[in-house]
Amino acid sequence: MIIQISDIYWVFWRELKRYSRSRIGLVVRIVQPAAWLILIGSTFAGTQSLLTTTGYPGSYIEYITPGIIMLTSIFSSIFGGATTLWDRRFGYMNKLLTTPVSRISIAIGKMFGISIISAIQASMIIVIALLMGVRLGNPIGLLPAMLVIIAFSMGLAGVSLIAAVLAKSQESFWATMNFLGMPLFMLSSALFPLELMPSWLSIVVKLNPLTYTIELVRTLIIGNSIPNIHLFIDISVLASFVITMILVAAYMFKREVSKAF
Amino acid sequence: MVAVLTERLTKVYNNNTAAVDNISFSVEDGEIFGFLGPNGAGKSTTIMILTTLLKPTSGKAFVSGYDVDKQPSKVRANIGYVSQDIAIDEYLTGKENLILQGKLNHIPKNLLNHNIEEALQLVELKERANDIVGTYSGGMRKRLDIASGLINKPKVLFLDEPTLGLDIHTRHRIWDYINKINNEYGMTIFLTTHYMEEADKLCNRIGIIDHGKIKVLGNTSELKQKVGSGVIILKLMHYYEKENFDKFIVKIKDLHDVDDVRHTDMYLIVSTKEGRTLIPRIFDLSDTYNITISSISLKEPSLDDVFLAYTGKGLRDETGTAWTGMQTVERFRRARA
Ligand SMILES: Nc1ncnc2c1ncn2[C@@H]1O[C@H](COP(=O)(O)OP(=O)(O)OP(=O)(O)O)[C@@H](O)[C@H]1O
Ligand SMILES: [Mg+2]
């Protein structure tokens, strides 16, 4: 099976065209994280003194901003597999599958599309955060942070694609993804630092790749991270998560689309 | 060269129904071959095996000389596929759909524009090419779908029920396109249909499939000649001599090619396969016996008769027009959701 960059590009191109033409999808995906940022940011502002005890020098809203950025990308990418399910349902997938484009290229193009869309959504929430007065200690860090967001979203897109090709219906797909999305977010260091969690919880949180991703983003853009997890570990965990998911998703995609739908 | 060849091809789905049951047939290069059968006969399943979408359970299939199971990418490079469901992207414009299809089929840049213009011209969608497909009618979508199957000028084009749910006018236009691409590009066309008229108008050869089995294969006109029953219906003016009338009937029965004659006082029903040549001879006889014919109608042998002869039932029994219509509405609704 040959992987051709131009094939991947054209599959990706379609995903982005669809996204840019669906205004509603764009709004829906941004409303929830924006609400989180505003509501949680002000509700838990009172925990500021607690946060300071962990050695974190910034304000609470600055603390959660990286988490909310990742939440945006989670919301966007975890449901990204839906287009694959629709394509199969409406027969478009069969049309793709009878072109000379390899199955692997289709899967990668889909995942890449999902991840870039997630990154676009994430940059919108960054703009909202800035408008709300969140200071970015290290604005230059935004660029590498975007790469981290794209990478993590690609991994989640893999998860979503796997669920989509295994799902027999839209309902079961959405239910599975809802079931996965929230715990993924809550059981991470998005809202509170590890130091403030009971030890059993911090073990669970340490098993979550999102925790490492958020720490990376926090280090990169806020500039004043809590250095409890080393940068190297963060990157290794993120990279292994993403690569594993891409490989498994590509394999599952190829296997499942050759079966009758 | 043989464009499509199957050998004892079989597909069993998980629920253990043999959707395609041990079928062997071949389609020559440049032919329009029609697979005719009622709903659930196994037409789509066969096409999906030939287009590499499904793996056969047993047996072999070759398209353009390549094994669909072992050399799928070679097969894909040589085919176009227009599925039973309308498969175009509603968020893209008509032209964008074709560009995408062209790019995914690796059409060189210098050919792509030309092919797109040509395809748009053929399906008469030039004016709407830059509109979002979401604003197209069902028939326009189907035409665009067919155009996208042509964009790579495939050696073999698979059309799964190309005119399902279209009005008479659009259906005739699509028949014209199919004939045109077959003539001009020499493209082999493999189509499925459950419309007798479609198979009759378009196909050089047909295969009738029912319950996954091929009932008969052959040249359309030969099949009709073999089993078809034509009839001539005559309405007579009632002021004739009884004696003459009886002689008239006997003489008609004696005519060459007449299979059977039934009559009342006013009507005469002559069964024959050679209606056209018989009519003048019947007129001659009516002159001889002073019988005035007030009207005459001819029903030539049709594929319906062929179908009936080989499957033991009329296609209409299973797919009444009302029901087909409903199913179609359902499909369009689905495709637009
Ligand atoms: N994915 C599937 N899983 C199980 N059985 C299937 C599947 N697809 C088709 N079948 C069965 O296989 C048989 C043939 O179906 P197929 O779709 O090939 O028929 P068809 O001739 O194309 O009919 P139609 O005119 O309705 O399109 C039917 O009995 C159908 O129920
Ligand atoms: Mg079918």
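The phi torsions of the stretch A:44-60, fed into the Karplus equation with coefficients 6.51, -1.76 and 1.60 and a -60° offset, translate into couplings of 8, 4, x, 7, 3, 5, 4, 4, 4, 4, 7, x, 6, x, x, 8, 5 Hz, rounded to whole numbers, with Gly and Pro shown as x. Taking Cα centre as origin and charging only the Cβ of basic (Lys, Arg, +1) and acidic (Asp, Glu, -1) residues, the dipole magnitude of chain B rounds to 960 debye.
In percent, what relative contact order does chain A have, based on Cα pairs under 8 Å that are 6 or more apart in sequence?
Working: 333 pairs, mean separation 70.5, N = 261.
Relative CO of chain A lands at 27 percent.
Excluding same-chain neighbours fewer than eight residues apart, the lysines reachable from A:K168 by a Cα-Cα span under 22 Å are A:K95, A:K110, A:K254, A:K259, B:K11, B:K55.
Taking every DSSP beta bridge that has both ends in chain B, the antiparallel portion is near 70%. When +1 charges are put on Lys and Arg Cβ atoms and -1 charges on Asp and Glu Cβ atoms, the dipole computed for chain A relative to its Cα centre reaches about 980 debye. Phi-derived couplings, Karplus 6.51 cos²θ - 1.76 cosθ + 1.60 at θ = phi - 60°, listed residue by residue for the stretch B:119-127: 5, 5, 4, 4, 8, 6, 10, 4, 5 Hz, with x used for Gly and Pro. Here, P(r) means the percent of Cα pairs in each 5 Å bin from 0 to the largest distance; for the stretch B:34-74 it is 5, 25, 29, 20, 14, 5, 1.
Summed over both chains, the accessible area lost when A and B associate is about 2800 Å², using a 1.4 Å probe. With unit charges on the beta carbon (Lys/Arg positive, Asp/Glu negative), name the residue among A:T47, A:L184, A:S20 whose Cα is farthest towards the positive pole of the charge dipole of the stretch A:2-256. Final value for the positive-end residue is A:S20.
Using only alpha carbon positions, build the gyration tensor of the stretch B:229-300, then give the equivalent ellipsoid semi-axes as the square roots of 5 times its eigenvalues, largest first, whole angstrom. Mind dumping the intermediate values first?
On the way: eigenvalues 67, 29, 23 Å².
The equivalent ellipsoid of the stretch B:229-300 has semi-axes of 18, 12, 11 Å.
For the stretch B:130-194 versus the stretch B:203-243, the spacing of their alpha-carbon centroids is 29 Å. If you run the Gaussian network model on chain B, springs between alpha carbon atoms under 10 Å, then out of B:K11, B:K253, B:K213 the most flexible one is B:K253.
Think of chain A as a dipole: +1 on every Lys or Arg Cβ, -1 on every Asp or Glu Cβ, centred on the Cα centre; then among A:T211, A:L130, A:G113, A:G113 lies furthest on the positive end.
Using just its DSSP H runs of length 4 or more, each adding -39500 (n - 2.57), chain B gives a mean residue ellipticity at 222 nm of -12500 deg cm²/dmol after division by all residues. Paramagnetic label reach from B:D176 (point 7 Å along Cα→Cβ; backbone nitrogen cut-off under 18 Å): within the stretch B:127-159, residues B:127-128, B:139-147.
Shielding of peptide A:87-94 by partners, expressed as the average count of other chain Cβ atoms within 10 Å per residue Cβ, is 6.
Which length gain, in nm to one decimal place, applies between B:M237 and B:T57 when the Cα-Cα distance is subtracted from 0.36 nm times their residue separation?
Extra length from B:M237 to B:T57 when fully extended: 58.4 nm.
Normalised radius of gyration (Cα atoms, divided by 2.2 N^0.38 Å) for the protein assembly as shown: 1.32. Taking 0.36 nm per residue of separation and subtracting the current Cα-Cα distance, fully stretching the chain between A:M182 and A:I140 would add 12.1 nm. Taking only the Cα atoms of chain B, the ratio Rg/Rh comes out at 1.08, with Rh defined as the Kirkwood radius.
The charge dipole of the stretch B:229-300, taken about its Cα centre with unit charges on the Cβ atoms of Lys, Arg (+1), Asp and Glu (-1) only, comes to about 160 debye. For the stretch A:2-256, the share of accessible area belonging to carbon and sulfur comes to 75 percent (1.4 Å probe, ligands and nucleic acids excluded). For chain B, the longest principal axis of the C-alpha atoms and the axis of helix B:321-336 are separated by about 10°. Name the residue, out of B:K95, B:K242, B:K55, whose mean-square fluctuation peaks in a Gaussian network model built on chain B with Cα pairs under 10 Å. It is B:K242.
In Å², and per residue, what accessible area does the protein assembly as shown have when probed at 1.4 Å with the other protein chains present? Each step should come with its number before you reach the end.
Values: 26110 Å² over 598 residues.
Using a 1.4 Å probe on heavy atoms only, each residue of the protein assembly as shown averages 44 Å².
Database remark: amide H of B:D210 closer than 5 angstrom to the amide H of B:K215 (H placed geometrically; neighbours at sequence offset of 5 or more, or on other chains; Pro and chain starts carry no H). Hull volume per residue, based on the alpha-carbon atoms of the stretch B:124-237 and their convex hull, is 183 Å³. Site pair A:L16 and A:S199 shows an inter-label distance of 5.0 nm when each label is modelled 7 Å from Cα along Cα→Cβ.
Partner lysines whose Cα lies under 20 Å from the Cα of B:K247, excluding those fewer than 8 positions away in the same chain, are identified as B:K235. The HN-Hα couplings worked out from phi for the stretch B:238-254 by the Karplus form 6.51 cos²θ - 1.76 cosθ + 1.60 (θ = phi - 60°) are 7, 8, 10, 7, 3, 4, 4, 4, 4, 5, 4, 4, 4, 5, 4, 4, 7 Hz, whole numbers, x standing for Gly and Pro. Rounded to the nearest 5, the antiparallel percentage of DSSP beta bridges internal to the protein assembly as shown is 70%.
Take each residue in A:95-108, count the other chain C-beta atoms within 10 Å of its C-beta, and the mean is 6. If the elastic network links every pair of Cα atoms under 10 Å, which of A:R103, A:R89, A:R23 fluctuates the most in the Gaussian network model of chain A? Among A:R103, A:R89, A:R23, the largest GNM mean-square fluctuation belongs to A:R23.
Local charge for B:G186 was computed over the other residues whose Cβ lies under 11 Å away, with Lys and Arg +1 and Asp and Glu -1, and equals -1. Inter-chain Cβ neighbour count for B:173-183, averaged per residue, equals 0 (cutoff 10 Å, partner chain atoms only). Its alpha carbons considered, the stretch A:1-98 gives a radius of gyration followed by a Dmax of 19.8, 61 Å.
Would you please state the base-10 log of I(q)/I(0) at q = 0.14, 0.15 1/Å for the stretch A:2-256, with intensities from the Debye formula using one equal scatterer on every alpha carbon? Debye intensities relative to I(0), on a log10 scale: -0.92, -1.03.
The values are calculated or read from the model by the stated rules, or taken from the named source; none is laboratory data. Here the structure is a predicted model, which means the values were calculated and not measured. Because the Cβ atoms are built from the backbone with ideal geometry, glycine has one as well, and the counts that use them run over all protein chains shown. For accessibility, only protein heavy atoms count, side chains too; no ligands or nucleic acids. Shrake-Rupley method; radii C 1.70, N 1.55, O 1.52, S 1.80 Å.
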